Each structure stands twice: as C-alpha cells, then as structure tokens.
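Visitor: I'd like to ask some things about the structure below.
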C-alpha cells in the first residue's frame, strides 16, 4: 500500500493474486511448485482453481477498509468533517490464464507457430471482438495496435484496443500465459440494476463492486484467444484435413459440392468466416453480404446476394465448418471447422519457400 502524504491522501493498493493463492493453498494443504509468478506444478489443480475463483467473491470494500486502517489510521478523522469515506476503484486489472506444458522443449516447438498465427491472423481489428468491442468500421475512439516485443524471457505478443489488451507470452520455460488487461472498464457491460432498480446491461464501473464481472470478461477473452490459437497446432498432413471439405458430401440425401480453397470465391468466403470479429457473437447473412459484396446495390441485387449467401452457409454447414447458434440467425465456426479453415488459409498465404522449408 502507498499513501499519498498530501490532500486528498489518495491510497494505492497493489495486489498479486498468485501470492494470495499460494497462501490459500498453504492453508488448504495443497502442494505446489512456484517459480517467480508462476505455478509450474500443483498437486490438486481443481481445488486450486476453486480457491482462485473465490478471490472474485471477495467483499473488496470491506477488505480494503481493513488495510486502510493499518496503513492510514487517520483517514476517519480526516474525512469526518465532510462525511466522506474512501471510494475504492480498480485502475488496472490483469487476469491471466496459464497452460502448463510437460517440458520446455514441447512449448518451444509450438510457441513460434502461436506467434506467427497471432500476428498474421489476429490483427487488432479482429481482437476487438475478443475484447467485446464493436466492429472496426464503427470504432472511432482509441488506438488499435499489435506488437511483438523481445524480452529476456522470450517474445511477447500484445494486442491493444483503447488501452485494454490481450497478451501472449511464455514464462519459466514451460508455461504459456494469455493475459487480459483492463484499464478502461467502460468498454464492457455488466448486467445490474439502474437508478430505478431495473436490471439492464450497463457500462462496467471503475469501482471494485464490478471486479467479479471484470474477471468474467477477462476469462472469456482469454478462453476465446486460446481456442483460436489451438487451431494452429496439429501434426495431421494438410491433404487429410482438406479431404473432408475438398470432396462432395451428401446430407439428408442432398449433394453439396466440394469447396475449393484456392479459388477466389471460396477463398474469400473462408477468409470472411474466419475473421476474429465473429468469434464472440457469430456471423449473419448480412455480415457476409457486407464483406463479400461491398458497395451500394439495389433491393433486387441485395435479395439475390442474400439468397446466394444462404446457399453458401448451407454448404459450409454441410461440410461441418460452421454450426447455427440455437434460437438465432447467427453461425459460428465449429472446433473442427476452425482447425481446417486455419490450415487452409495458412496454406493460401504461404509462399513456395515457406512450403519447401516445412516439407524438408
């Protein structure tokens, strides 16, 4: 804790959740191995995760007031004339998800693929949807940026949107960490009562009352990012992955043609459905129409375009690349579809030298 020694006597509190978790596990008798700020081994990961999630249920105002009494015992006397208490806010929160690999060599073999896929496929406009933001064409405030930074521990990949960010880096050799940092909580929503007591989706507040929601938002962003990264791994030859979509299929007695990822039309379609902005909420016919048929069009032309895209969506569903979100007109990539589409698009972007090196 740091107390400002002049009016208004602001107080800064820095809290490391992993140090807190280590003490929780010590009390619970859970064994672990800790290096720096990483747990590289835990005897009971399920119980440790439950303890970690309990942190989000903390009565933050009460706990911070207890610390305030220790660090700044005169606060009550100073605030008494105006009847003012300290209002606790979270100026920055970091929520990390760690994946522990068997050994350093295993992670080192995969990490360059993650970095390449992240910087090539997840540009900042795509990561907008990971962080719950609007599509790039409607985004006007703040800065979108992706960057690679060489650190003593390794290479860090960072995507930032208006100060909020998602980072990917390796730690202690065998730990892959994805971390969401929130400094502008107003970019996100929380379902809470308004001034009239009506439950509504409202802006996430800076105060500690919404810290539990920050945890939910951050964990969801980490999970979406990791799920997208997972599609880049795998040792199956490309021709085996492509066989399922590059051959005609029959569904309910109806024949659906093969996809040709190297043709301009099918290639653009695969590029469109793989955009990061559709990872969170899925895509609709109108979303694809705006991407594949840009520009103004008459009502009749738009009707024909929508009909053509309906057939394309049916084709993608028949090949198992997308599925419909129940009760909506939206579609999302299936896990198998994301892996296949990622592989095909990587092959589309690769040049002869890159393919020759991989084949060698």
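Visitor: Take residues that are out of contact with any helix residue (DSSP H, G or I) (no Cβ under 8 Å at 6 or more places or on another chain) and farther than 19 Å from residue 92 by Cβ and tell me which of the strands (runs of 3 or more DSSP E) falling wholly in the range 150-211 contain 2 or more.
Guide: Here the list reads 189-193, 199-203.
Visitor: Just the residues that are part of a strand (DSSP E or B) and within 16 Å of residue 93 (Cα to Cα), please, taken from the range 5-40.
Guide: Within the range 5-40, 12 is the sole residue that qualifies.
Visitor: Ok, one more. Can you go through 145, 149, 200 and tell me which one is loosely packed, with under 15 Cβ neighbours inside 10 Å, at pLDDT 75 or above, over 11 Å from the mean Cα position of the chain (by Cα) and under 23 Å from residue 273 (Cα atoms)?
Guide: After applying the criteria, what remains is 145.
Visitor: Residue 63: part of a loop (DSSP other than H, G, I, E, B) and either under 34 Å from the mean Cα position of the chain (by Cα) or more than 24 Å from residue 175 (Cα to Cα) (or both), yes or no?
Guide: Taking the combined requirement at face value, the residue does not satisfy it.
Visitor: Can you spot a residue in the range 217-232 that is modelled with pLDDT under 90, within 28 Å of residue 347 (Cβ to Cβ) and in a loop (DSSP other than H, G, I, E, B)?
Guide: Yes, the conditions are met somewhere in the range 217-232.
Here is a yes/no grid of residues against (1) at negative phi; (2) more than 22 Å from the chain's Cα centre (by Cα):
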residue: 247; (1), (2): yes, yes
residue: 253; (1), (2): no, yes
residue: 314; (1), (2): yes, yes
residue: 319; (1), (2): yes, yes
residue: 322; (1), (2): yes, no
residue: 327; (1), (2): no, yes
residue: 330; (1), (2): yes, no
residue: 335; (1), (2): yes, no
residue: 340; (1), (2): yes, no
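Visitor: Hey, another quick one. Kindly check whether there is at least one residue in the range 277-295 that is outside any helix (DSSP H, G or I) and free of Cβ contacts under 8 Å to residues at least 12 places away in the same chain.
Guide: yes
Visitor: Quick check on the range 3-16. Is at least one of its residues in contact with a helix residue (DSSP H, G or I) (Cβ under 6 Å, 6 or more places away or on another chain) and either exposed (fewer than 11 other Cβ atoms within 10 Å of the Cβ) or within 23 Å of residue 218 (Cα to Cα) (or both)?
Guide: no
Visitor: Follow-up. Does the range 111-121 hold any residues that are within 18 Å of residue 150 (Cα to Cα) and surrounded by 15 or more Cβ atoms within 10 Å (Cβ to Cβ), and which are they?
Guide: Answer for the range 111-121, where residues must be within 18 Å of residue 150 (Cα to Cα) and surrounded by 15 or more Cβ atoms within 10 Å (Cβ to Cβ): 111, 114, 115, 117, 118, 119.
The values are calculated or read from the model by the stated rules, or taken from the named source; none is laboratory data. On a predicted model such as this, the values are computed, not experimentally measured, just so you know. Here the Cβ is made from the backbone with ideal geometry for all residues, glycine too, and neighbour counts use every protein chain on show.
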